[in-house]
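*Asks:* For reference, the structure I am asking about is given below.
Since every read-out is calculated from the coordinates, none of them should be taken as a lab result. Since we're looking at a predicted model, the values are computed, not measured. No Cβ is skipped: glycine too gets one built from the backbone with ideal geometry, and neighbour counts run over all protein chains shown.
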Amino acid sequence: MQDTLERIESIKAGSLGGIAAGTVYSATIFIDRFMLHEYSKSLLSLGFEFTIAIVCGFLFGVTYRYIIRTDLNDHLNDGAMLAFGLVRGLAQVDVSDFVLSQVWVDVLIIGKSVVMFAIARYAIDYALKANWILPFTQASQQEITNHDSMLLDRELATTFPHGLNK
């Protein structure tokens with residue numbers, strides 16, 4: 001039963017991360033396409049990039065929940081977000097045509113990825129503080145507080161109103 005609850009909470013965290021990443025990516029597309037008049041990408045290409053951003057956000061949300069657990073370590077939270085942002089941003093940088101005067105474009109690409117994951121992180125942090133998403137707890141932890149137990153029971157009852165056996 002604990003594994004089922006952990007999976008549900010991970011899907012919730014991943015979904016929130018995907019929604020946040022997709023929203024941020026949509027905003028960057030709007031800025032690039034309409035405000036900066038960058039029309040070089042086809043709509044099909046933009047659709048694939050949007051889907052990739054959502055998947056990256058989903059994976060970030062699931063992973064972030066497992067990384068932070070119940071720790072109150074800001075360095076751990078920042079490091080997880082920065083790692084995802086840098087990996088995604090650096091993967092998009094084209095170094096085959098490196099021109100020093102165009103480094104600002106590469107910095108902008110990396111910055112957009114970092115901002116995307118930062119917003120996803122803060123959305124997940126807010127959901128964790130509001131108890132919309134429960135933090136990851138290891139199965140080996142025998143001691144669950146009464147408050148956590150109550151939240152788990154409430155979450156299970158709302159997710160599976162007819163029980164788990166049906």
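*Asks:* So between Ser96 and Ser26, what do we pick up on full extension, going 0.36 nm a residue minus the alpha carbon distance?
*Replies:* Separation in residues times 0.36 nm, less the Cα-Cα distance, equals 22.5 nm.
*Asks:* Determine, for each peptide in 109-117, 10-18, the mean count of other beta carbons within 10 angstrom over its residues, then list the peptides with the highest first.
*Replies:* 10-18, 109-117
*Asks:* Continuing with the same structure: Taking 0.36 nm per intervening residue step and subtracting the Cα-Cα distance, what contour gain separates Ile52 from Thr159 on full extension?
*Replies:* Between Ile52 and Thr159, full extension yields 35.7 nm more.
*Asks:* Where the centre of each part is set by its Cα atoms, how far does segment 14-34 sit from segment 107-128, in angstrom?
*Replies:* What the calculation gives is 10 Å, centre to centre.
*Asks:* Mind checking which aspartates and glutamates have their Cα closer than 19 Å to the Cα of Lys41? Skip sequence neighbours fewer than 8 apart in that chain.
*Replies:* Excluding near neighbours in sequence, the set is Asp32, Glu49, Asp94, Asp97, Asp106.
*Asks:* Give the residue from Tyr64, Gly14, Leu100 lying farthest towards the positive end of the charge dipole for segment 1-130; charges sit on Cβ (+1 for Lys and Arg, -1 for Asp and Glu) and the dipole is referred to the Cα centre.
*Replies:* Going by the charge dipole, the pick is Gly14.
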